[in-house]
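A short worksheet on the structure shown next.
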Amino acid sequence: MEFNDKVPIYYQIKTVIYDQIIAGERQPGEKLPAVRQLAVSLTVNVNTVQRALSEMIAEGAIVSKRGKGNFVTEDTQVIETIKTQLITEHLSNLYEQLHRLNIDDQDIINALVTYIERRGNSDDNH
Amino acid sequence: MTTIEIEKLNYRRNLKTILKDVSLSLEGDKIIGLLGENGAGKTTLMRLIAGTAKNASGTIAIKDDTEADTKKALVSYSNPLGGFAPNTPISKVVAFYEKVYPDFDQAKYQQLADFLQLDESLKLAALSKGTREKLVISLTLARQTSVYLLDEPFSGIDSMSRKKIINSILKWKPAEAIMIISDHYVSEIATILDEVVIIKDQTVVAHKDADEIREEFGLGIEAYYEGLYEEGVTHDEI
Amino acid sequence: MTKFSSVFGALLSGRIRRVHQVALTGLIAIVVTTAWTMISGNFDLANGDLFGIIGGWSFVVYLVLFVEMARFTERAFVSDSIRLMPLNDTKLYLANLTASMVAFLYGVLLQVLLHVVGGLLSWHAFSKTLSEMWVAHPGNYPIWVIVLSILCLMFLVLVMMWTTISLIHLVTTSISLFLPASRQKAVQVILYIFVTFVILYIAQLVFRAPTGTMSALHTTSTGAGPVLINLIWIAVVIVIESLLNVLMLKRWVETSH
């Protein structure tokens, strides 16, 4: 994958794995590849992967089982929280940008509803 | 215990200062980028660590060892194979390594050679730049040491070979060893670096954690490195 | 750490290959010369012509081998592949010099075999020459003492020439580290001439003291003393030069890149 060199690599690895968990590409309880394997497939340093994993373990999303490896948590509560965080993060970016253009809240909601409807239709056509 | 401890290193050659007052402490199992312009002293620093450049003042300790010959057993340096005749086949070079380096791991070499698709029967003169570098990397990584020094492994190499070499480094660098990779073009290796050491004006001007640079300055490694060089542009004689 | 035997083996194999190349070239030269002499109709086996041809070309082979082995020795001192080995410089120096000696002696052995073959083919002429030599020798010593002394002397002189070449090479390399980088080539040439001159001058002073070994062998009165003194003298020079060479390897001599 392509990394943005201006953003800490460990943070980008975290984002990738969280995205995969929320999108269901990595199921609760699923074993993650070995650290070195992850490093090779992402073309990053082993220590950087380790750092990303440590943070995810601290946040409860990944569970490390001694001698067995790292697993996606089976605690759906935690995954739900991360999902909420991620949605909030994306929404707050959107909101702040539109707010800066002096668009009021109701207009934002309307525009969003209209966009989703149109997007849904065009996606159906494919 | 730090893996490499350099203190007050000064090196002059042909009446010119190449390195002055270099102090550097490298530890752990890191991959370190040694960055600097051509002629900044990257190769000299590596050669001093490897013990093929001599007559410097100051100390270079590797795992607390300062004896020239025992230190050599702790360091694997990407020797460009200049000492071999051009008609030497790869198999002979490998046999030489196996004979003279007790820490040379034949099985590991074979894995690397298979991964990098090296043809043992080819002669050195017949190798492209990329293939030759793949051979150098395979030989260097097949030794089991505490320190690996890769001197500009990517200069003049096509991007496919580069990717393969980067992958082989990630796969086969021993977990507990330290690795220094020198380069004057950073972006291709930026994601695999733990730390960067920048050499400018004959000395180390920065030694930083790679992700810290991104976090602290919001800059890419390359932009940070170029920034350091531009600061001093007025000192350069043009 | 690298074992002495491993370095020695690694250094020897390339040199042995070169000995084979040179010996083979010599053999081809002998065959061609013999064939040419035969065609031109001047060939006389009984008169020792073959023996003469082999002898002539052998001399060239020895000369080439001497130069080639010196080149191998000197290149090893500044080669990354060899200086990166975990091995102290004394061992490296000894392995390097010994490898050249052994390879050279092996080359000599190949030439001796050729001589034996040549001698058997022209046995008549060969035995005549041998008996003439036997009669000609004037001294009081048995012939094997004389032959042994000459062989010892030649071997030691050969080694001393190599250690002297190393001394010149390493002194020049060490000194040029401290000279300006511009015009390195020209500076080195001048330096080589100067260092060679100085070392040969010192050598001449050193060897003025004892008398020549060859003349000692022929004089009946002086006994075995002078021969032995000469041999010891050369051995001492070899040891001193070697100590200096190892010191320079340790302190100053870098690999070329």
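The values are calculated or read from the model by the stated rules, or taken from the named source; none is laboratory data. Because the structure is a prediction, the values reported are computed rather than measured. Cβ placement follows ideal geometry from the backbone for every residue including glycine, while neighbour counts extend to all protein chains displayed.
Which one of B:Leu9, B:Leu48, B:Leu35, B:Leu19 is of a type in the set (A, V, I, L, M, F, W, C), within 13 Å of another protein chain (Cβ to nearest Cβ) and crowded, with 21+ Cβ neighbours inside 10 Å?
Numbers: B:Leu9 fails: within 13 Å of another protein chain (Cβ to nearest Cβ); B:Leu35 fails: within 13 Å of another protein chain (Cβ to nearest Cβ); B:Leu19 fails: within 13 Å of another protein chain (Cβ to nearest Cβ).
Residue meeting the stated conditions: B:Leu48.
Of all residues being more than 7 Å from chain C (Cβ to nearest Cβ) and more than 22 Å from B:Glu133 (Cβ to Cβ) in segment B:71-87, which is farthest from the chain's Cα centre (by Cα)? Just the residue, please.
If we take residues in segment B:71-87 being more than 7 Å from chain C (Cβ to nearest Cβ) and more than 22 Å from B:Glu133 (Cβ to Cβ), then B:Lys71 is farthest from the chain's Cα centre (by Cα).
Can you pull out the residues in segment B:51-70 that are within 14 Å of chain C (Cβ to nearest Cβ) and not hydroxyl-bearing (Ser, Thr, Tyr)?
Within segment B:51-70, B:Gly51, B:Ala53, B:Lys54, B:Asn55, B:Ala56, B:Ile62, B:Lys63, B:Asp65, B:Glu67, B:Ala68, B:Asp69 qualify.
Out of the residues in segment B:173-222 meeting the condition of being without any contact (Cβ under 8 Å) to a residue 12 or more places away in the chain and buried (at least 17 other Cβ atoms within 10 Å of the Cβ), tell me which one is farthest from B:Arg47 (Cα to Cα). Spell out how you get there, then give the answer.
Step one: of segment B:173-222, the residues without any contact (Cβ under 8 Å) to a residue 12 or more places away in the chain are B:191, B:211-212, B:214-219.
Filter again for buried (at least 17 other Cβ atoms within 10 Å of the Cβ), leaving B:191, B:211, B:214.
Working: B:Thr191: 26, B:Asp211: 28, B:Arg214: 30 Å.
Residue satisfying both the conditions and the ranking: B:Arg214.
For segment B:155-168, does any single residue satisfy the condition of being free of Cβ contacts under 8 Å to residues at least 40 places away in the same chain, more than 9 Å from every other protein chain (Cβ to nearest Cβ), assigned to a loop (DSSP other than H, G, I, E, B) and closer than 28 Å to B:Asn10 by Cβ?
yes
Could you say whether any residue in segment C:63-70 is crowded, with 21+ Cβ neighbours inside 10 Å, at pLDDT below 95 and in a helix (DSSP H, G or I)?
Restricting attention to segment C:63-70, the residues satisfying the condition of being crowded, with 21+ Cβ neighbours inside 10 Å are C:65, C:69.
Those still in the list that are at pLDDT below 95 too: none.
No - not one qualifying residue is present in segment C:63-70.
Could you check segment C:174-200 and list, in sequence order, the residues that are of a type in the set (S, T, N, Q), away from every other protein chain (no Cβ under 11 Å) and closer than 24 Å to B:Tyr11 by Cα? Don't jump to the end; show me each part of the working.
From segment C:174-200, those of a type in the set (S, T, N, Q) are C:174, C:176, C:182, C:184, C:188, C:196; that's our starting set.
Within this subset, residues satisfying the condition of being away from every other protein chain (no Cβ under 11 Å) are C:188, C:196.
Across segment C:174-200, the qualifying residue is only C:Gln188.
Where in segment A:8-126 are there helices (runs of 4 or more DSSP H), lying wholly inside it, with at least 2 residues that are surrounded by 11 or more Cβ atoms within 10 Å (Cβ to Cβ) and within 14 Å of chain B (Cβ to nearest Cβ)?
On the way: elements: A:9-22, A:35-42, A:46-58, A:76-100, A:105-125.
The qualifying helices (runs of 4 or more DSSP H) are A:9-22, A:35-42, A:46-58.
Can you report the number of residues in segment A:20-57 which are free of Cβ contacts under 8 Å to residues at least 40 places away in the same chain, under 16 Å from the mean Cα position of the chain (by Cα) and farther than 20 Å from B:Glu176 by Cα?
Adding up the residues that qualify gives 5.
Can you pull out every residue in segment B:30-66 that is part of a helix (DSSP H, G or I) and not polar (S, T, N, Q)?
Pass one, segment B:30-66, residues part of a helix (DSSP H, G or I): B:42-50.
Passing the criteria: B:Lys42, B:Leu45, B:Met46, B:Arg47, B:Leu48, B:Ile49, B:Ala50.
For the subset of segment C:182-231 comprising residues that are in contact with a Pro (Cβ under 9 Å, 6 or more places away or on another chain) and at pLDDT 55 or above, which member is farthest from C:Ile168 (Cα to Cα)? Talk me through it step by step, then tell me what you get.
As a first pass, look at segment C:182-231 and keep what is in contact with a Pro (Cβ under 9 Å, 6 or more places away or on another chain): C:187, C:210-213, C:215-220, C:226, C:229-230.
Right, trim to at pLDDT 55 or above and you get C:187, C:226, C:229-230.
On the way: C:Val187: 15, C:Pro226: 29, C:Ile229: 26, C:Asn230: 23 Å.
That would be C:Pro226.
Is at least one residue of segment B:5-25 part of a helix (DSSP H, G or I) and either modelled with pLDDT under 95 or farther than 25 Å from C:Met248 by Cβ (or both)?
Here is the first cut: in segment B:5-25, the ones part of a helix (DSSP H, G or I) are none.
No: segment B:5-25 contains no residue that is part of a helix (DSSP H, G or I) and either modelled with pLDDT under 95 or farther than 25 Å from C:Met248 by Cβ (or both).
Within segment B:114-124, which residues are closer than 9 Å to B:Pro89 by Cα and either of a type in the set (Ser, Thr, Tyr) or part of a helix (DSSP H, G or I) (or both)? Write out each step before concluding.
Going residue by residue through segment B:114-124, those that are closer than 9 Å to B:Pro89 by Cα are B:120-124.
Answer for segment B:114-124, where residues must be closer than 9 Å to B:Pro89 by Cα and either of a type in the set (Ser, Thr, Tyr) or part of a helix (DSSP H, G or I) (or both): B:Ser121, B:Leu124.
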